Each structure stands twice: as C-alpha cells, then as structure tokens.
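Remarks on the structure that follows.
Since every read-out is calculated from the coordinates, none of them should be taken as a lab result. If you're wondering where the values come from, they're calculated on a predicted model, not measured in any experiment. Backbone-built Cβ (ideal geometry, glycine too); neighbour counts: all protein chains shown.
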Amino acid sequence: MKKKCWMLTMVAVLTLSVAAMFTGCSNKNDATTTEKTTEGGSSTTATNNDLGDDVEDAADDVADGAKDLADDVANGFDDYDDAHDYLINKLGSDGNGQYEVRNKDQDVTEYRDGAKGYHFEIYDTSKDSGKKYGDFYVDKDNGKIYKKNTDTKKVEEYKAKK
C-alpha cells in the first residue's frame, strides 16, 4: 500500500514538473495579452488568458486528484463510490478480466470481528463469462482489500495476481 502511495506521489511530482517546465521556462512576458480596440468611437481593453494558465490549472487539478486518492488509500474510504472505483481499478490492473459489481449494498458491513468496510459482489464479464469472481470488501478505515475464500468461507486479505 505504501509503495502505491509513493508511486502515486512520484507521478504527481513528475506531472507538476513537466507542467512547470512548459509554462515557466519560455514565459518571459506577462501571462496575459492586452489589446486596444475601438468600437463606435469608444475604447475598450480586452484581456486574453494565456495557454500557460490553463496548463497550470490542469496540473493543479491532477495534483489535487492524486493527493485525494493517496489520502483515501492511506486513511480508508468515507464513501462507497470512492471504495468502488479503487477496487475496480485495482482488479483491472491485476489481470485481463473486466469486472462488474452486482447486488450493490452501499452500507458499511462488518466482514470480520470488529472490521468494517464496503461489500462488493464482483463478476468477471470478460469473454461474456458472467461468472462470479468473488465477494470483496474494502476496509473503511485502512483501504485494504479483502476477499472471501470460497473454500474456507473466511475473509482474507486480497493478494494481487502478478
């Protein structure tokens, strides 16, 4: 989990560095352009935003999103949608499957003694199989993913396929 947080942070830093390079290195003027125009005898001033401002805003948005994701993973999830997105992205990065959540229950569930999280019934929809892949839980407090073992009926920490 810490490795993923570190990787996410490094991606955000790299993105910001590239954005700063494009916006800051060749920007010797003011970031705006002012033109004088005359319409019907009156003078107006028009100010146009530079592309650099837009790139900087986009880089800020990416950095904020990466920070929010890292905070969610490190501190657990406060809502079902964030936990859902995290689980589906994690499962998608582990293999070739395409996954779908069925029987959605957005309430916090106790899946082990004292441990609470969000329950997801996952089905593999790749190649139109539609087979149940398993019952997964995303811990509300620490963001770890757990899967119910079909043989032992115990909930165990999910090990990603490599």
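What FRET efficiency, computed as 1/(1 + (r/R0)^6) with R0 = 25 Å and r the Cβ-Cβ distance, is obtained for A20 and S93, rounded to the nearest 0.05? Working shown, then result.
Values: r = 28 Å, r/R0 = 1.14.
For R0 = 25 Å, the calculated efficiency reads 0.30.
Would you grab the residues whose amide H sits under 5 Å from the one on G143? Only those 5+ places off in sequence or on another chain, please, with H modelled 1.01 Å from N.
Answer set, sorted by chain and number: G76, F77.
With a ≥ b ≥ c the root eigenvalues of the C-alpha gyration tensor of the stretch 80-157, is it rounded (a/c under 1.5), prolate (a/b larger than b/c) or oblate?
Numbers: a/c = 1.81, a/b = 1.43, b/c = 1.26.
Prolate is the answer for the stretch 80-157, as a/c is 1.5 or above and a/b outweighs b/c.
May I ask you to list the trypsin sites (Lys or Arg not before Pro) in the stretch 84-153 that are in a DSSP loop and have at most 12 other Cβ atoms within 10 Å of their Cβ?
Those satisfying the criteria are K104, K153.
Using modelled backbone amide H atoms (1.01 Å from N, in-plane), which distant-in-sequence or interchain residues come within less than 5 Å of T109's amide H?
Here G117, Y118, H119 satisfy the definition.
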